[in-house]
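K.L.:
Sharing a structure, written as structure tokens. Questions coming.
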Amino acid sequence: MNTVQILLGAACGILVVTAAMGEPATDTQTQCTFNKTITKTAQGGYLLYLPPDYGKIKDKHWPLLVFLHGAGERGNDLEKVKLLGPPRMVADGKKFPFILVSPQCPEDSWWTEQTDVLAAMIDEVEAKYSVDKRRIYLTGVSMGGFGAWALATRQPKRFAAIAPICGAGQPYTAYMLKDIPMWVFHGDKDNVVPPAKSQEMVDAVRAAGGNPKFTLYPGVGHYSWDATYGNPEFWKWLLDQRRK
């Protein structure tokens, strides 16, 4: 469990226009301000994978990969998160040289609505485990691809690289993402999330001055993540990225 506090306020001056009893005057506009702390409890489950040599090398800090699943894996059963992507690979015996965190989105929500919760979760993982803060990576598939774009926009200075797969973002946010190394993936026969959605984000980031990589798989539908996560070149590229 993590608690997120948001302080809302305004730093403008106040024009005091009062009636005889000290109340704001009627039939005019009075400048006002407010200051209030809003507390939100962020709670959720995630799968944690630690590499085989974790804890065996003194003072070693490890890369961290955050994986966001698709809409079909939502709920409160973490076993569902193992159905695809890196968690499935670990379940099948794959050994990764990084910490893997795979959270689960609530049944009635979307990752784009959970960016504050995800940020709080990463804060907690950083505090509890030996994470190399220069090498935090983010990837997601389908709904998780949407979430990867949204979370990167929320915290553009946190991630060393992102890899959204068959997702979509908001092109007007591209200027915030232009400095993040990214490799975007989509199948050109995707009839769930149109490939044009990834193309729009790639074009917008390039127009903003970024240099994203983009792979459009010919003849591939929505399940384009298998080709991505099964490609050793993807993992090499990802782990080569370091935040300055």
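What follows draws every value from the coordinates through simple rules; no lab data is involved. Quantities reported herein were computed from a predicted structural model and do not represent experimental measurements. As a convention, Cβ positions derive from the backbone with ideal geometry for all residues, glycine included, and neighbour counts pool all protein chains shown.
K.L.:
Which lysines have a Cα less than 19 Å from the Cα of Lys82, not counting those fewer than 8 places away in the same chain?
P.N.:
Partners within reach: Lys94, Lys95.
K.L.:
Karplus couplings for the range 214-230 from phi (6.51 cos²θ - 1.76 cosθ + 1.60, θ = phi - 60°), rounded to Hz, Gly and Pro as x?
P.N.:
9, 10, 10, 6, x, x, 9, x, 6, 7, 7, 6, 4, 5, 6, 6, x
K.L.:
Return the single residue from Val205, Val192, Val131 with maximal mean-square fluctuation; model: Gaussian network over the chain, springs between Cα atoms under 10 Å.
P.N.:
Val192
K.L.:
What aspartates and glutamates does Lys128 reach when the alpha-carbon gap must be under 20 Å and sequence neighbours fewer than 8 apart in one chain are set aside?
P.N.:
Within the straight-line limit of under 20 Å, Lys128 reaches these aspartates and glutamates: Asp53, Asp59, Asp116.
K.L.:
Would you mind telling me the antiparallel percentage of the DSSP bridges in the chain, rounded to 5? Could the numbers behind the result be given before it?
P.N.:
On the way: 12 of 33 bridges.
Counting only bridges with both partners in the chain, antiparallel ones make up about 35 percent.
K.L.:
On to the next question. How large is the charge dipole for the chain, taken about the Cα centre, if only the Cβ atoms of Lys, Arg (+1) and Asp, Glu (-1) carry charge, to the nearest 20 debye?
P.N.:
My answer is approximately 1020 debye.
K.L.:
Could you work out how much longer the chain between Asp179 and Asp59 gets when fully extended? Use 0.36 nm per residue separation minus the Cα distance between them, nm to one decimal.
P.N.:
Roughly 40.3 nm would be gained on extension.
K.L.:
Just tell me which lysines come within less than 20 Å, Cα to Cα, of Lys244; anything on the same chain fewer than 8 places away is out.
P.N.:
Lys244 reaches Lys60, Lys133, Lys157, Lys178, Lys213, Lys236.
K.L.:
What distance in nm separates the two pseudo spin-label positions at Asp27 and Leu78, each 7 Å out from Cα along the beta-carbon direction?
P.N.:
My value for the distance between the label points is 6.5 nm.
K.L.:
Collect residues whose amide H, placed 1.01 Å from N in the peptide plane, falls under 5 Å from the amide H of Trp62; neighbours closer than 5 in sequence don't count.
P.N.:
Val131, Asp132
K.L.:
Once the Cα atoms of helix 143-154 and of the chain are each reduced to a long axis, what angle between those two axes, in degrees from 0 to 90 to the nearest 10, is obtained?
P.N.:
Orientation of helix 143-154: about 50 degrees from the principal axis.
K.L.:
Given points 7 Å out from each Cα along the Cα-Cβ axis, report the Ala127 to Ala227 separation in nanometres with one decimal.
P.N.:
Placing both labels 7 Å beyond Cα along the Cβ direction yields 4.2 nm.
K.L.:
Helix 195-207 against the longest principal axis of the chain: what's the angle in degrees, Cα atoms only, rounded to the nearest 10?
P.N.:
Relative to the chain, helix 195-207 is tipped by roughly 70 degrees.
K.L.:
Please work out whether the range 128-226 counts as rounded, prolate or oblate from its C-alpha gyration tensor, where a ≥ b ≥ c are the square roots of the eigenvalues and a/c under 1.5 means rounded, while otherwise a/b larger than b/c means prolate and anything else oblate?
P.N.:
oblate
K.L.:
Gap in Å between the Cα centre of the range 36-107 and the Cα centre of the range 155-191?
P.N.:
Comparing the Cα centres of the range 155-191 and the range 36-107, I get a distance of 20 Å.
K.L.:
Work out, step by step, the length gained on full extension between Lys36 and Val192: first 0.36 nm times the residue separation, then minus their alpha carbon distance; give nm to one decimal.
P.N.:
Working it through step by step, the gained length comes to 52.0 nm.
K.L.:
Mean-square fluctuation check for the chain, GNM, Cα pairs under 10 Å: which of Ala168, Ala150, Ala207 is largest?
P.N.:
Ala207
K.L.:
What is the Cα radius of gyration of the chain over 2.2 N^0.38 Å, N being its residue count?
P.N.:
Dividing the Cα Rg of the chain by 2.2 N^0.38 Å gives 1.20.
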